[in-house]
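Presented below is the structure to which this report refers.
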Amino acid sequence: MDQQTNDLINNEISSNEVCLFMKGTPDAPQCGFSMAVTNILKILDVKFKGVNVLENQNLREGIKLFSDWPTIPQLYIKKQFVGGCDIVKEMYENGELKKLFDDQNINYKK
């Protein structure tokens, strides 16, 4: 991955406590998996930044290398990679996502 893409990813993760690399935007997801994660974050009323990987092919491929994760969406919380759609859904269903937000002092609807 080129340095510009690496810097862009690092900047988004560093500047936003909750950052979702996704296809589309939070208001207009372009795939079902991105929509599912966005909906979970909206249900919890978590402030997050959605980064549309469809706008930049280097970003789309770069985020996969950066996280060593093959699929999109990808959720980062306080600079830590959490996972993709299936992991976030499972964490939401079993309460781990709320615990993670509590542990990281991130506001959400309890």
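The values are calculated or read from the model by the stated rules, or taken from the named source; none is laboratory data. Model, not experiment: these values are computed from the prediction. Positions of Cβ are generated from backbone atoms using ideal geometry, with glycine treated the same way; all protein chains shown enter the neighbour counts.
Screening 6, 39, 52, 56 for residues that are in contact with a strand residue (DSSP E or B) (Cβ under 8 Å, 6 or more places away or on another chain) and modelled with pLDDT of 95 or more leaves exactly one candidate, 52. Applying the condition of being polar (S, T, N, Q) and farther than 13 Å from residue 74 by Cβ to region 17-55 and asking which residue is farthest from the chain's Cα centre (by Cα) yields 30. Close Cβ contacts (under 7 Å, 6 or more residues apart or on different chains) running from residues in region 71-84 that are among the hydroxyl-bearing types (Ser, Thr, Tyr) to residues that are part of a loop (DSSP other than H, G, I, E, B) and surrounded by fewer than 22 Cβ atoms within 10 Å (Cβ to Cβ) comprise 71/84.
Does region 88-98 include one or more residues that are of a type in the set (A, V, I, L, M, F, W, C) and in contact with a strand residue (DSSP E or B) (Cβ under 7 Å, 6 or more places away or on another chain)? Within region 88-98, one or more residues are of a type in the set (A, V, I, L, M, F, W, C) and in contact with a strand residue (DSSP E or B) (Cβ under 7 Å, 6 or more places away or on another chain).
Applying a threshold of 8 Å to beta carbon distances and a minimum spacing of six or more residues, or different chains, the list of pairs starting in region 5-30 at a residue that is free of Cβ contacts under 8 Å to residues at least 12 places away in the same chain and ending at one that is surrounded by 15 or more Cβ atoms within 10 Å (Cβ to Cβ) and in a helix (DSSP H, G or I) reads 29/35; 29/38.
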